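Structure first, commentary second.
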Amino acid sequence: MSSDFRCGEFNNPHARNGLRLMRDDQRPFFRLAVQQATAAYSIKSTHPLFFYWLQDPVAEMNSYRDNGFKYYLLGIFSHFAFNLFMVGVAVVGFSRAVK
């Protein structure tokens, strides 16, 4: 069994914190690592928690927040542009219907 599992910033000597894994698409890889560890070291893990090893998890969380805010604003402006277009179509349609 190979013991070369690498999680996050494994080679960063300043990494002293973790950030919990929330992405479901990466969870199977972490579960595989747990299965390998339980088989190799005869340990039991019924409900494992998965974390990324990071130097600055606060910066990572701020990055998540900034990305979320960016997509939120994109959604708002897209919805506004769509509504503005539909109001324009309605105004043109109703102005032709009145004549």
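The values are calculated or read from the model by the stated rules, or taken from the named source; none is laboratory data. What you are looking at is a predicted structure, and each value in this text was computed from that prediction instead of being measured. Methodologically, a virtual Cβ is constructed for each residue, glycine included, from the backbone with ideal geometry; neighbour enumeration extends over all protein chains shown. Ligands, DNA and RNA are stripped out before the accessible areas are found, and what is left, the full protein with its side chains, is counted by its heavy atoms. Shrake-Rupley method; radii C 1.70, N 1.55, O 1.52, S 1.80 Å.
For R96, state whether it is open to solvent by 100 Å² or more (accessible area, probe 1.4 Å) and in contact with a Leu (Cβ under 7 Å, 6 or more places away or on another chain). Even if it seems obvious, please write down each step before you answer.
Values: open to solvent by 100 Å² or more (accessible area, probe 1.4 Å): yes; in contact with a Leu (Cβ under 7 Å, 6 or more places away or on another chain): no.
So R96 does not fit the description; no.
Check off (1) surrounded by 10 or more Cβ atoms within 10 Å (Cβ to Cβ); (2) more than 23 Å from H14 (Cβ to Cβ) for D25 and give me the number that stays unchecked.
Of (1) surrounded by 10 or more Cβ atoms within 10 Å (Cβ to Cβ); (2) more than 23 Å from H14 (Cβ to Cβ), only one is false for D25: (1).
So, in the range 61-90, exactly how many residues are of a type outside the set (D, E, K, R) and either open to solvent by 90 Å² or more (accessible area, probe 1.4 Å) or under 30 Å from N17 (Cα atoms) (or both)? Break it down into steps so the answer makes sense when it comes.
Filtering the range 61-90 for residues of a type outside the set (D, E, K, R) gives 61-64, 67-69, 71-90.
Right, trim to either open to solvent by 90 Å² or more (accessible area, probe 1.4 Å) or under 30 Å from N17 (Cα atoms) (or both) and you get 61-64, 67-69, 71-72, 74, 77, 79-80, 82, 84-85.
Of the residues in the range 61-90, 16 are of a type outside the set (D, E, K, R) and either open to solvent by 90 Å² or more (accessible area, probe 1.4 Å) or under 30 Å from N17 (Cα atoms) (or both).
Would the range 39-51 turn up any residue that is surrounded by 10 or more Cβ atoms within 10 Å (Cβ to Cβ), in contact (Cβ under 8 Å) with a residue 40 or more places away in the chain and out of contact with any helix residue (DSSP H, G or I) (no Cβ under 6 Å at 6 or more places or on another chain)?
Yes - at least one qualifying residue is present in the range 39-51.
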